[in-house]
Structures are given as C-alpha cells and as structure tokens.
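Novice: Below you will find the structure I want to go over with you.
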Amino acid sequence: MRFSQNQFMQLAILAVVFFSTQARADNNIQFLDKAVINRLTTSVYEVVIPKLEGENVRYAKELPFETLSYRQRNEKYHSIGTAFFINDKELLSAAHVFALEYFSLLDNFYIRDSAGKVYKVNKVKKYSSIRDMIVFDLEEYPETINPITLSEHIEIGDTVFSVGNVQGEGISFRAGQVAAFTTEAEYGMWKDIRFTSPASPGNSGGPLVDVDGRMVGLIVKKNSSENHNIAIPVEEFRKLDDKAEFFLRNVSIQLSDEQNIINRDWQQQIDLPKTVDELSSLARNSLNAFYAKLANDLSKKFDADYFPKGERFRAYLRNQQYVKNFGVLQSDADFNKWYLKNYNANTISLQKDQDFSVSKSEISSFHVVIDKPADVSLADFLDDQELIMDNILMGIPLKRTIGAEDIRIVGLGKPEKTETWQDKVGRKWISSLWFLPHIDAFVYSHCLAYPKGAICNIDLKDNDELYLGYLALVKQNYDEIAIGYEGDITDWLEYFSLGESYLPKAFSHTRLKIREGAIKLTLPGYRLQINNNDINENSNIHFHFGYSNTELLAEELLLFEVFPRKGMSSHYRVERYYSPSEFSSDKYKTIWTDVMNKSGDYSGELINNGNGFVVFRVIDSTKAQAKELNGSTIESVYVVACYHDSMSDDIKAQCDAFADGVEFDLVAMAD
C-alpha cells in the first residue's frame, strides 16, 4: 500500500498529537516553588571540614599552588555532605558523613551557608550507624533558621526533590519521583525510599523533600546511574533515642587464606549528648579493642594447627630456610606446607658508603634495609627516628600531586610518637608514627637495629586503619618474621656495642674480637676462632636466626657464615642440622642420612657442587638429643663447611683448620 503525501502528513500530525499527549500523561513531575526554595536555603547547609597541611612535612621544592584553579587555590574546606535544621537548635545528617567510629585528622566539622560562613558542630544528640543518622547542635547559629517540617506521607509516583550539596558546589534542588519502596538490604528493618531525583557525592545527609518542602526521607546513598537512589524514611528518625548506636556487621580478620577467617559483629552504645571528640574517641577505642580481641581470638581458633604450635609448623623447623634481611613465614590454606618467603629487593646507593634496599611484602607496605650515613654513629642513627625516615625517603619516592606536578616529600619531621617494644622471640622494635594530614594518612615505621643501620617495615595507610587493631596486628604478625643479619666486621663491632637496649635476646651473649688475619667469636652454643690471612675489618659475617625446635617461641642461631674477602663467594660456614620428621621431604631425609653416616657430600672430602668447591665436615662431638614440645626426641649435629670459588691444593687443609678452631659448648647442645 502506498500513501499519498497528503495522507502521510495527516498520519504524522496524529502521531505527534498522540505521543505529546502520552508524554504529558506519563510525566507528572512538578516544579518546586521559588518561595519553597528560598525557605530551604536557610534550612539546608553543606557539611565541611577544614583542609589540613602538615607543618612538619618537607618537600623537595615549594608547592606550586599557583598552578591550581581559582577554586582549588582558595577553597579552605573539604565539602563532604549535607545537613539541615529539624528545629531551631538541631540539625539532621547522615551518620556516615561523620563516621565517628573511625579515626581521622579531619575531625573538625562545620556547616556552611550559601554565603560561605561556617558554624562549628558542637554536641551529638542522637547517632545511629544502623539507621545512618546523626543529630547535632552548633556552638553558634545562623541569624535566620527555617527548620524543615517532617512528613511521613509519601507514595510511589510522588514528585520529590533531592536537596543538598552536589560534589562540593553548594546546595542544589533536583526533581524526580518516588520509584519504589524496597527492603533495606543490610538489616531488613525498614523499607527504603527509592527515588529518581539525581543524587551525587555530597548529597548524603540531605533531605528528600516533597513539593511543599517537607522532608519525607534522609538521602544516604546513590546508585551508579543516580536515578534509583536511596533515602531512609522519616519513621526511622523517630526511633532514635539518647544513646549513640554503633554497629558493624561481619567484621573479619583472616590468616593465610579466606577459609581461615573469623568474623563477628561489633556494637557499642554510648550515652548522649557528647561532643564530637568525646563520642568519636569512645567509639574508635571500642572498635580498636574489638579488632585486637578478634585477632587474638583468631590465633586461638587455629592455635592447634597454626604458628607456632601446629604439628606441620614444628616439622618445618627441622629444615628451616635461610635469608639475608627479611623473610616472612607463609603456609598453605591447610597449614600443611610452611616456607619462609624472601623478597626480591631493589638496592640503590643513596650516597657514598650508604646503600638502601626496598621490597614489597604482604606484611607491610615496604621492607627496608638502610645503611646509616657514614658520618653518623649507629647509636645516634637509631636514636634519631626523624633522621632514619629522612634517609628512607631518599629511597622511597613518596610524592604529593599538585595539579599536573608530582612533588617529592623529603622529610616528615619528628614523629608524633615513638615506642620500643619486644616481640615474643626477644627482638626490640622501634615503632614511630607520622601523619600526612593533606591526604589523611599515616606513615608507621617499625625498625630493628641492624649491623649497617636499620632494618624496617614501613606502612603507608589511610588514617581510619590506625584504630582498626593496627598495632595489635603488627605485634602479633611480627613474630612470624625471620631475620638474617649481615654486615662487615666493623659494622658488627659497632652493633654489638649497642647493648641490651637494642640487641635481640639471641645476641645477648655474643662477643666479637678481631686482629689482622683472625677473628674470635663467642656465640650461643659455640665459640670459634678463624685464622685466615684474608680476614680484615671489611670481611663479611652473616647470621641467620630461625625458630627453636625445643622452645615454643624463641630464636635459635641456625647458621653462621664468614666471607673473608668482601664481595667474593668463598666463605666458611657453621650450620646446625636436625633429624627429619615424618613430614620432611625425601631429599632432606637423604641429606640427614648422609650427615649421620658421613657419606655422599658429607664425607669430609672436597667436592665440586657445580658452583665451586666445598668441604662438609660433620662434628661428631656435637651430636645431641633433646625433647620437642610434644615430648618426642629430636637429634641434632653441627656441620662445618668451607666454600671456595676455585680449586686449590690447600682447601681441605684450610677447612680442617677452621673446623678445629670451632669450640662447641656441649652443655648448650643438650639444652
């Protein structure tokens, strides 16, 4: 069928009329009267917090604030949400805008009017993290206040307006409709109002109002498209009482795998009214203690299988891995396989005679080994946490972005606080805290004295994590760190002079003496003298402390190495071997058999292991037996080894001389 041009035009006109009429029928959204808008401008305010600058933070150059836009340069506050008057003295907002259970440096709250004047929040009158509501008063008030009337009358299809701070650009009014009432997802205690009025970051805490400007809901959440947003109905506001109600569901901490987890609900009630500082301090201290207890309960839950009591972990101790610097104990999900994870470090030279190594790990933001500056004593370096951090920042490029430019942070000043604490294996950690106020974050260093300077874990985290059991978790997890200490003899002489305030318990009875061509060393379990013409103050010594097989949590010296010529692989070694368990690998069981029979590589003869030439000499006099924690007998023996880069006629004679120079403490062997 074909239409004439005249017929086609008639159909087109009919279609336009039909769809126009249909659009008017479907769209019943009304406009908000200007008089109502004018009234609401003295009802609804931005919630703001002052921007902060760290007075002690130092930068490589002056910050180029002039490159920022006018608004960025001149804005003195962060705009974070919305609040509105519900009577002449009190305002209502969303609790998550204030988030008083979490620590933050940005904790001075104000409301700001359309003219830019701010009014400081005073006391919290009502608070519920479940209903996401807070009621507070002010220290001083605006001249004109128009409290919003509350209304519980709302139906699907009603025109509503989201009123509030849109992305920090002041109070806006945007229209939409009530789309649905849906069961609140987290607790199922009420029906949320779903509305199509746009809601943006900053709208939280603002009123959802009807065409008469009455509040029908509190805006708390937007969806990704901003057209199916969430407000809490007025009925829930009326259920608030004079106790602050904090509640977090399914707070969890886990071990090495998601199946090894513990989770519980945290709740706390606190009498009101309270100042913001008072209420926040009580809440976050409660939450911090809750996390600490949760971590402790997690350890108890897996106590029989996990570190340090688990059968498979105790089996791992028979043949522990060795590291230089940091190693962190890891296990599979069932705690059957244990290993010491070492991290590939990036080493750079900060300046002459000062190296810096950094790596990432699961237990902290960074592992760091930093040499002290050549002109500073080790004791002075360790006593000056500001100096340590200044040197660390030479190796870790911590930056602040201003506009299009990244400016390096070169110093954090003196720490906010420093404490020294001892872990369960007897190591003395120095923990220091700094804040980065401009990003509301903290830097925490946890350092041990090290022959060359300090070995540290560095954390850079948001401030809210500081009171989520942070230090309790650090102190618990650090027992699972193994340390390999190494340095030149001059470094070790200075290190041992530090005394008990810095040295770990395992080094408490260690003594080192040197003369040209020889060193004398007293260690836990044995004493030795090494005569070698290549030995001098630059010779390198490496100790690795593992975990004791006979004590629950104690360090034990498992490996000692001395490298007479710095930078060369030729060295002498004293190593303790333990009898395998039923879970030990076949390879290790074979090694133990060879050690006990002085066969294979352990025959005492010179062998070529593919990387050089080595002699292993089993010291029969050190064979000993001891009792494990479960009462079973464990055997041990020391093996002396000599490694050489190249073949020479006197390798075996040198190794025999070295072995003969080691004097073992047989009483300590039995202990």
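Novice: Could you tell me which of T633, V328, G426 has its Cα farthest along the dipole of the chain towards the positive end, charges placed at Cβ (Lys, Arg +1; Asp, Glu -1), taken about the Cα centre?
Specialist: About the Cα centre, the residue reaching furthest to the positive side is V328.
Novice: So, one more: Using the Kirkwood radius built from alpha carbon pairs, what does the Stokes-Einstein equation give as D for the chain at 4 °C and 1.567 mPa s, in µm² per second?
Specialist: Details: Rh = 30.3 Å.
For the chosen part, D equals 43 µm²/s.
Novice: Just to check, using Stokes-Einstein with a Kirkwood Rh over alpha carbon pairs, what's the diffusion coefficient of region 524-671 at 37 °C and 0.692 mPa s in µm²/s?
Specialist: Details: Rh = 16.3 Å.
The calculation lands on 202 µm²/s.
Novice: Enter the Cα centre distance for the pair region 610-667 and region 65-92, rounded to the nearest angstrom.
Specialist: Each part's Cα centre sits 71 Å from the other's.
Novice: Hey, any idea what the orientation-averaged projected area of the convex hull of region 595-670's Cα atoms comes to, in nm²? Display every interim value, and only then the final one.
Specialist: On the way: hull surface 24.3 nm².
Orientation-averaged projected area of the Cα hull: 6.1 nm².
Novice: At a 1.4 Å probe, what is the % contribution of carbon and sulfur to the accessible area of the chain? Before the final figure, lay out the partial values.
Specialist: Numbers: 14670 of 31590 Å².
Answer for the chain is 46 percent, counting heavy atoms of protein chains only.
Novice: So, one more: Expressed as a rounded percentage, what relative contact order does the chain have, with Cα pairs under 8 Å and six or more residues apart?
Specialist: 10 percent
Novice: Can you give me the relative contact order of region 523-604 as a percent, contacts being Cα pairs under 8 Å and 6 or more apart?
Specialist: 19 percent
Novice: Can you sort M647, M389 by solvent-accessible area, 1.4 Å probe, largest first?
Specialist: Correct descending sequence by accessible area is M647, M389.
Novice: Return the FRET efficiency for the residue pair E139, N38: r is the Cβ-Cβ distance, R0 is 25 Å, and the value is rounded to the nearest 0.05. If you can, show how the numbers build up before the last one.
Specialist: Numbers: r = 26 Å, r/R0 = 1.06.
The computed FRET efficiency comes out at 0.40.
Novice: Could you please tell me the mean projected area of the C-alpha convex hull for region 25-73, averaged over all directions and given in square nanometres to one decimal?
Specialist: For the Cα atoms of region 25-73, the hull's average projected area reads 7.8 nm².
Novice: If you don't mind, another one. Efficiency by 1/(1 + (r/R0)^6): what FRET value for E516 and D380, r their Cβ-Cβ distance, R0 = 30 Å, to the nearest 0.05? Numbers along the way, then the final one.
Specialist: On the way: r = 29 Å, r/R0 = 0.95.
Between E516 and D380 the formula returns 0.55.
Novice: If the chain between L553 and T67 were fully stretched, how many nm would it gain, using 0.36 nm times the residue separation less the Cα-Cα distance?
Specialist: Separation in residues times 0.36 nm, less the Cα-Cα distance, equals 169.3 nm.
Novice: For region 636-664, list residues with backbone N below 19 Å from a point placed 7 Å from the Cα of S621 toward its Cβ?
Specialist: 636-642, 653-664
Novice: Step through the table entries K424/K587; K191/K243; K191/K293; K627/K652; K324/K520; K424/K598, compare each Cα-Cα distance with 30 Å, and write down the pairs that go over it.
Specialist: Over 30 Å apart, Cα to Cα: K424/K587; K191/K293; K627/K652; K424/K598.
Novice: Oh, and also: Mind computing the radius of gyration and Dmax over the alpha-carbon atoms of region 83-216? Å is fine for both.
Specialist: 15.1, 43
Novice: Using a basic spin-label model with each label point 7 Å from the Cα along Cα→Cβ, how many nm lie between D601 and F181?
Specialist: 7.6 nm
Novice: How fast does region 262-331 diffuse by Stokes-Einstein, in µm²/s, taking the Kirkwood radius from C-alpha pairs at 10 °C and 1.306 mPa s? Before the final figure, lay out the partial values.
Specialist: Values: Rh = 15.7 Å.
For the chosen part, D equals 101 µm²/s.
Novice: Assuming 0.36 nm per residue, please report the length gained on full extension of the stretch V211 to D303 beyond their Cα-Cα distance. It would help to have the intermediate numbers written out before the result.
Specialist: Working: separation 92, 0.36 × 92 = 33.12 nm, distance 6.15 nm.
So the extension gain works out to 27.0 nm.
Novice: Order these peptides, 124-130, 205-211, 618-624, by their mean beta-carbon neighbour count within 10 angstrom, highest first.
Specialist: My ranking of the peptides, most packed first, is 205-211, 124-130, 618-624.
Novice: How large is log10 of I(q)/I(0) for region 212-365 at q = 0.12, 0.15 Å⁻¹ when the intensity is taken from the Debye formula with one equal scatterer per alpha-carbon?
Specialist: The Cα Debye sum returns log10 ratios of -0.85, -0.99.
Novice: Given R₀ = 60 Å, FRET efficiency for S224-D656 by Cβ-Cβ distance, to 0.05?
Specialist: Working: r = 75 Å, r/R0 = 1.25.
Efficiency, rounded to the nearest 0.05: 0.20.
Novice: Note down the accessible area of E139, probe 1.4 Å, to the nearest 10 Å².
Specialist: E139 has an accessible surface of roughly 110 Å² with all protein chains in place.
Novice: Enumerate the lysines that K399 could reach by cross-link, defined here as Cα to Cα under 21 Å, with residues fewer than 8 away along the same chain left out.
Specialist: Within the straight-line limit of under 21 Å, K399 reaches these lysines: K51, K61, K360, K414, K461.
Novice: Under the 0.36 nm per residue contour assumption, what length would be gained going from the current alpha-carbon distance of E537 and S646 to full extension?
Specialist: Fully extending the segment from E537 to S646 adds 36.9 nm.
The values are calculated or read from the model by the stated rules, or taken from the named source; none is laboratory data. The structure displayed is predicted, hence computed values, not measured ones. All Cβ positions, glycine included, derive from the backbone under ideal geometry; neighbour counts span all protein chains shown. Surface areas here come from the heavy atoms of the whole protein model, side chains and all, with no ligands, DNA or RNA. Shrake-Rupley method; radii C 1.70, N 1.55, O 1.52, S 1.80 Å.
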